[in-house]
Amino acid sequence: MSYAKNVVARHQRRKKIIKQAKGYFGAKSVSYKKAKEQLMKSYFYAYRDRKQRKRNFKKLWNVRISAACNHHHLSYHQFVHQLKEKNIILNHKMLALIAQKDQNLFAQIISKSK
């Protein structure tokens with residue numbers, strides 16, 4: 001008589017997948033095969049979008065810095081170049097925050113970079 005091997009582990013593995021797929025639409029949250037396919041796609045999207053989030057924030061910071069520079073009749077590239085020449089080390093996130101919240105401080109940074 002044959003006997004089933006590894007049934008408990010297989011059942012636990014399937015339960016784990018179904019639990020992770022909770023909240024998906026239709027068969028994707030019930031069917032093991034569909035849930036596994038959707039989870040693989042979800043993992044791919046999560047990995048890809050973590051990279052895109054960084055990219056999108058960098059774009060947003062550049063736009064904010066550029067808008068503040070244009071207000072002072074200076075282009076973004078000229079401003080960044082002047083900062084590098086004067087060895088003023090501020091990352092884009094901090095520059096964008098300063099440009100958005102405190103225009104007087106940003107004006108001082110521009111004057112020091114010239």
> Given Ile88, Ile65, Ile98, Ile110, which one is surrounded by 11 or more Cβ atoms within 10 Å (Cβ to Cβ) and part of a loop (DSSP other than H, G, I, E, B)?
Replying inline: Ile88
>> With the requirement that a residue be within 12 Å of Ser31 (Cα to Cα) and of a type in the set (A, V, I, L, M, F, W, C), what does segment 1-20 give you?
In response: Ile17, Ile18
> Checking Leu74 against (1) in a helix (DSSP H, G or I); (2) surrounded by 10 or more Cβ atoms within 10 Å (Cβ to Cβ), which single condition isn't satisfied?
Replying inline: (1)
>> Taking the criterion of being of a type outside the set (S, T, N, Q) and either closer than 21 Å to Asp102 by Cα or not in a helix (DSSP H, G or I) (or both), would at least one residue in segment 43-58 satisfy it?
In response: yes
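Each value in this text was obtained by applying a stated rule to the coordinates, not by laboratory testing. Keep in mind that what you see is a predicted model, and the values were worked out from it rather than measured. Counting neighbours? That spans all protein chains shown, and the Cβs are built from the backbone with ideal geometry, glycine included.
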